[in-house]
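What follows is a single structure, written as structure tokens, with notes after it.
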């Protein structure tokens, strides 16, 4: 079966979703072709950088509200993370006067040690009904809190009684709409801030679902598949899906991410599997088109890793180029962490969103 | 000094015994050596894989411990009383080593049937196939 669109976006992470929404808002017929979730679904909750107003509004329409943050947010590794914005459930986690509350049976969140590292006011641990003998899996706890919020309120009420702000682990429900967070705040009569998340990250899962809901609301068709591209004469024409269907489009956005979900394959030579765009990384005066782990790994693990800078190089309009600077595809626009020079250390969610938005507008103009 | 000499002598004796008698006679032992090896390994929780599982195992090793499978799992969301706190290790542990199968086989019952976890795996591990393999090894 052959399906036609104006713009086809590969990838449904932050960059891909932003591109799709930008194109849809400009009146284009848009499809998103996406494999399994990638780095976006592992998002901690800390939104670095800005966010296009229309994307923020689209997310808010799904119930996922991004709020500006003017103080560092608590991370379960013990650090205080500076960011520009966060979902409403995290934004209230102001540390100075906060009471950190852990939940018995949930590993990875020791309230006492975290309160000391975060320099919070105080700490406590509560026991919930039906705590499993083996402890809580984060998603099990989140789903339990959604189902039995009244019992959670009862357990938290005593711990929260004398405090204006309490900080909880990132387990306030699986849904992305923030309704549970609002309900608990109202019931407890205090500000509740969720700490940031670590894998398995519920904040990331909520963002992933919020983006999908925003795409659905914008009537963007989402096709769950990994696609290969077909091209001729410097233009991409269509994408072949594994089931034999073909997606044709006037222009394409490539936002498949870097390594997490396979946007770049680094087994031996670097490879971009969808369109075969050239991939390389420049490091210390050399050009690498093979993932040489010895040369491309900085021994200081906390430093930016050269391997993470590999990606597709682009021109000023975000079209992929080869080493000579020639545009490889006139109608393909590259966005997000698949780009060369992009890594989580250097670019955050906001940069990916803006880059995706720009790519979506370019795709419409192409 | 004498202890070291004795150890070397013992090693040399058994090596000679192995090369001069056991190796030439192996075809006549009709798999008894292999059975003895498997019996010793099985007691430690290691089971030989058949050709289909051996062919599939490299894909199992792709787990990057993101935990998305644990978040997407509908059984974990619905049944906290039976949930394991480090649920993502159902895939992460098995992706590195297929020993200790009996410890996890019972918990893998939903993993072998439900598609939700497999659908969200970024590295496309065939979780259902892996869970079924582990449950088969545990029997």
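No lab work stands behind these numbers, since they all come straight from the coordinates. Since this is a predicted model, take the numbers as computed values, not measurements. Cβ: placed from backbone, ideal geometry, glycine included. Neighbour counts: every protein chain shown.
What full-extension length gain, to one decimal in nm, is calculated for residue B:61 and residue B:35 as 0.36 nm per residue of separation minus the Cα-Cα distance? It would help to have the intermediate numbers written out before the result.
Numbers: separation 26, 0.36 × 26 = 9.36 nm, distance 2.76 nm.
Difference between extended and current length: 6.6 nm.
Give me B:134, A:223, A:103, B:71 sorted ascending by neighbouring Cβ count inside 10 Å, so fewest comes first. Don't skip to the answer; put the middle values down first.
Values: B:134 26, A:223 17, A:103 22, B:71 31.
If I rank by nearby Cβ atoms, fewest first, I get A:223, A:103, B:134, B:71.
Please find the FRET efficiency linking residue A:67 to residue B:46, where r is the Cβ-Cβ separation and R0 is fixed at 60 Å, and quote it to the nearest 0.05.
On the way: r = 52 Å, r/R0 = 0.87.
Between residue A:67 and residue B:46 the formula returns 0.70.
If one computes the Cα centroid of the range A:318-366 and of the range B:25-66, what distance in Å separates the two points?
For the range A:318-366 versus the range B:25-66, the Cα centre distance is 47 Å.
Write down the radius of gyration of the range A:144-290 and its Dmax, each obtained from C-alpha positions, in Å.
22.9, 69
Quick one: the Cα spread of the range A:273-366 along its three principal axes, in angstroms, biggest first?
Here the Cα extents, ordered largest to smallest, are 44, 30, 22 Å.
Average projected area of the Cα convex hull of the range A:82-205, in nm²?
It is 7.0 nm².
Could you list log10 I(q)/I(0) for the range B:1-82 at q = 0.12, 0.14, 0.17, 0.18 Å⁻¹, which the Debye formula gives when each Cα is one point scatterer?
Evaluating at q = 0.12, 0.14, 0.17, 0.18 Å⁻¹ gives log10 I(q)/I(0) of -0.73, -0.83, -0.98, -1.03.
Would you mind computing, in nm to one decimal, how far apart the modelled labels at residue A:129 and residue A:304 are, each placed 7 Å from Cα along Cα→Cβ?
Computed distance between label sites residue A:129 and residue A:304 equals 5.2 nm.
How many nm is it between the label spots at residue A:104 and residue A:60, if each spot is 7 Å from the Cα in line with the beta carbon?
4.2
Return one number: the angle in degrees, 0 to 90 and rounded to the nearest 10, between the long axis of the Cα atoms of helix A:14-25 and the longest principal axis of the Cα atoms of chain A.
The helix A:14-25 is inclined about 70 degrees to chain A.
How high is the relative contact order of chain A? Use alpha-carbon pairs under 8 Å, at least six apart in sequence, and give a whole percent. It would help to have the intermediate numbers written out before the result.
On the way: 878 pairs, mean separation 87.8, N = 366.
Relative contact order comes out at 24 percent.
For the range A:1-75, calculate the relative contact order in percent as a whole number, restricting contacts to Cα pairs under 8 Å that are 6 or more residues apart.
On the way: 60 pairs, mean separation 19.1, N = 75.
25 percent.
Order of B:28, A:128 from fewest to most other C-beta atoms within 10 Å? Intermediate values should be presented prior to the final figure.
Numbers: B:28 7, A:128 20.
Ranking B:28, A:128 by Cβ neighbours within 10 Å, fewest first, gives B:28, A:128.
For the range A:1-137, just list the percent of Cα-Cα distances falling in each 10 Å bin from zero outward, please.
11, 29, 28, 19, 10, 3, 0
Under 20 °C and 1.002 mPa s, how fast does the protein assembly as shown diffuse according to Stokes-Einstein, given a Kirkwood radius computed over C-alpha pairs? Answer in µm²/s, whole number.
Estimated diffusion coefficient is 85 µm²/s.
Take the alpha-carbon centre of the range A:75-104, take the same for the range A:145-213, and report the distance between them in whole Å.
If you average the Cα positions of each part, the centres end up 12 Å apart.
Please rank A:252, A:43, fewest neighbouring Cβ atoms within 10 Å first, as an exposure proxy. Walk me through the numbers before you get to the answer.
Values: A:252 33, A:43 23.
Ascending Cβ contact count within 10 Å gives the list A:43, A:252.
Between the range A:275-297 and the range A:1-69, what is the C-alpha centre distance in whole Å?
Using only Cα atoms, the two centres lie 29 Å from each other.
For the pair residue A:326 and residue A:232, how long in nm is the line joining their label points, each one 7 Å along Cα→Cβ?
It is 1.9 nm.
Let me check the size of the range A:213-271 from its C-alpha atoms; what are the radius of gyration and Dmax in Å?
Just the Cα atoms of the range A:213-271 yield Rg and Dmax of 13.5, 41 Å.
What percent of all Cα-Cα pairs in the range A:220-331 falls into each 10 Å bin, going from 0 up to the bin containing the maximum distance?
All Cα pairs considered, the percentages come to 13, 41, 31, 13, 2.
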